[in-house]
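Inspection log for the structure reproduced underneath, given as structure tokens.
Laboratory data are not the source of any read-out in this text; all were calculated from the coordinates shown. What you see is a predicted model; the values in this text were computed from it and never measured. FYI the Cβ positions are ideal-geometry reconstructions off the backbone, even for glycines, and counts take in every protein chain you see.
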Amino acid sequence: MIDRQNIARLVYAGRAAPIWTHVTPGNKLWLASSVAATPHSIKSARALLAASGFSWNSAHKLIDQSGRPVEFSILTNTGNSERMQMATIIQQDLEQAGIAARVVSLEFRSLLDRIMSTFDYEACVLGLASGDADPGSEMSVWPSNGSTHLWDLNKGELDRARPGTPWQAEIDLLMASQMRSADAKERKRLYDRVQQLVAANLPIIPLVSPDVLAGAKSG
């Protein structure tokens, strides 16, 4: 439903790559080729929504099975023009499917407090980055007890160590196994499966990866 190509074109002037897995195209060693790109299609999105029990009222607004309109807010941080533009494009894409999304900008500390402490939010446009291409650097994100495991954060410390779903339990096992393995091919196989599970269940939704630009001159 979200037009990643449009985000790359309008927000980054084409200097970004649409992504469907959390590994970027520049990280060729670890990128899972098995995760396919999904073409942008409002028609397909509407068909999936209808198959899931949603419908549209006379005003063409999406409603759930109880007749309530589907609407939510999208948070992002004030002062980051790229994220504000991305949130606006997402809002417009969702509107085509009858979903009302409100863009709310917050000061960065207030935004992090909503996400990490009070959990008072529904969706957020944020950036995740790592200084290392190796998946070992992502142990704070994907395992259930990771410090930046950005979903199910409202669990207590003990409950956070217990995966809430079978796919999360599998990710926990896979990430631990790839950390212990000394076999590069086995680590790649395990981490490919992590990417497949993230792409299938979407605890986060990868959108675009900005290009790294470097300036140089001869002489």
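At 222 nm, what value in deg cm²/dmol follows for the chain if DSSP H runs of at least 4 each add -39500 (n - 2.57) and the sum is divided by all its residues, to the nearest 500? If you can, show how the numbers build up before the last one.
Details: 7 runs with 77 residues, N = 219.
That calculation yields -10500 deg cm²/dmol at 222 nm.
Along each principal axis, taking the top coordinate minus the bottom one, the Cα set of region 136-219 gives 59, 32, 23 Å in descending order. Only one of the listed values, [x] 18.9, 69; [y] 17.6, 54; [z] 17.5, 51, was derived from the coordinates as Rg and Dmax of the Cα atoms in Å; which label is it? Calculated Rg and Dmax of the Cα atoms in Å: the matching label is [x].
Where nothing but the Cβ of Lys and Arg (+1) and of Asp and Glu (-1) is charged, how large is the charge dipole of region 56-127 around its Cα centre, in debye to the nearest 20? All intermediate terms of the calculation are to be shown ahead of the outcome.
On the way: 6 positive and 9 negative charges, 12 e Å.
That gives a dipole near 60 debye.
Under 15 Å from a label point set 7 Å out along the Cα-to-Cβ vector of residue 57, the amide N atoms of region 96-112 belong to 98-101. Amide H contacts under 5 Å for residue 17: 209, 211, restricted to partners 5 or more places along the chain or on a different chain, H placed in the peptide plane at 1.01 Å from N. Computed from point charges on the beta carbon alone (+1 for Lys and Arg, -1 for Asp and Glu), the dipole magnitude for the chain about its Cα centre is near 500 Debye. Full extension of the chain between residue 47 and residue 170 yields a length gain of 41.3 nm, computed as 0.36 nm times the residue separation minus the alpha carbon distance.
Close amide-amide hydrogen proximity is noted between residue 104 and 74, 75, 76, each under 5 Å apart and 5 or more residues distant or on a separate chain (H modeled in the peptide plane; Pro and chain starts excluded). Using the Cβ-Cβ distance between residue 27 and residue 118 with R0 set to 30 Å, the FRET efficiency works out to roughly 0.35. Scattering from region 56-127 was approximated by placing one identical point on each alpha carbon and applying the Debye formula without solvent; log10 I(q)/I(0) at 0.16 1/Å stands at -0.60. The calculated FRET efficiency for residue 108 paired with residue 17, based on their beta-carbon distance and R0 = 22 Å, is about 0.30.
For residue 61, go through the lysines and keep the ones whose alpha-carbon is under 24 Å away, minus same-chain ones fewer than eight residues off. Counting by Cα, and skipping residues close in sequence, residue 61 has these lysines nearby: 43. Among the DSSP helices (H) of the chain, those spanning at least 15 angstrom by Cα along their long axis with an average Kyte-Doolittle hydropathy of -0.5 or more are 166-180; this is a geometric and hydropathy rule only.
Between residue 5 and residue 218, the simple spin-label model (points 7 angstrom out along Cα→Cβ) gives 3.6 nm. For a straight C-alpha distance cut-off of 29 angstrom, the lysines reachable from residue 28 (same-chain residues fewer than eight places away being disregarded) are 185, 188, 217.
Could you check how many percent of all C-alpha pairs in region 9-91 are farther apart than 20 Å? Walk me through the intermediate numbers first.
Working: 1958 of 3403 pairs.
Cα-Cα pairs in region 9-91 separated by more than 20 Å: 58 percent.
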